[in-house]
Structures are given as C-alpha cells and as structure tokens.
Amino acid sequence: MQERQWITARRSELDALAEELTKQLQEVQVEWDELAIAERVLNRLAEQVQAGAEAVAPVSAKVAGRAVLLIPQRRGR
C-alpha cells in the first residue's frame, strides 16, 4: 500500500513540474518570437540605410582630366 501512496505523490509532483515547464516554454516561445520579429525589423532597416547610403554616395567624374565629385541637385523638402 505504501508504494501506491508514493506513486500517487510522485505523479502529483510530476504533474506540477510539467505544468511549470509548460508555462516556462510558452514564455520562452513568446520571447523567441519577439526577438525574431526584432531581427527582421533591424535587417530591413539596415537594408534601407544601405540603399539610402548608396543613393546619396558622391559620384566622381573627370573634367578636363581632373577628378571631380558630381553633387546631385538639392531636393525640395
């Protein structure tokens, strides 16, 4: 009879542990998803910054055999 009580007590302990671990796993999954979204946003921002830097990078040319920078016209704001 003592074995049955031990088994019942141990199953109760394991049920509580499983419930706690399930809660922790859900919290980890939420944070993981948030980090994945943040990473995607940062990648997109980095791509936009890179594209913007390439679009405004000075272009050089030669005039009368000398290197000069071509400056784009100002855009109205």
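Among the residues here, GLU34 qualifies as surrounded by 10 or more Cβ atoms within 10 Å (Cβ to Cβ) and acidic (Asp, Glu). Of all residues in the range 1-10, exactly one satisfies the criterion of being surrounded by 10 or more Cβ atoms within 10 Å (Cβ to Cβ) and among the charged types (D, E, K, R), namely ARG10.
Every read-out reported here was derived from the displayed coordinates using simple, explicitly stated rules and does not represent laboratory data. Note that this is a predicted model, so its numbers are computed, not measured. Please note: Cβ atoms are built from the backbone with ideal geometry, for glycine as well, and neighbour counts cover all protein chains shown.
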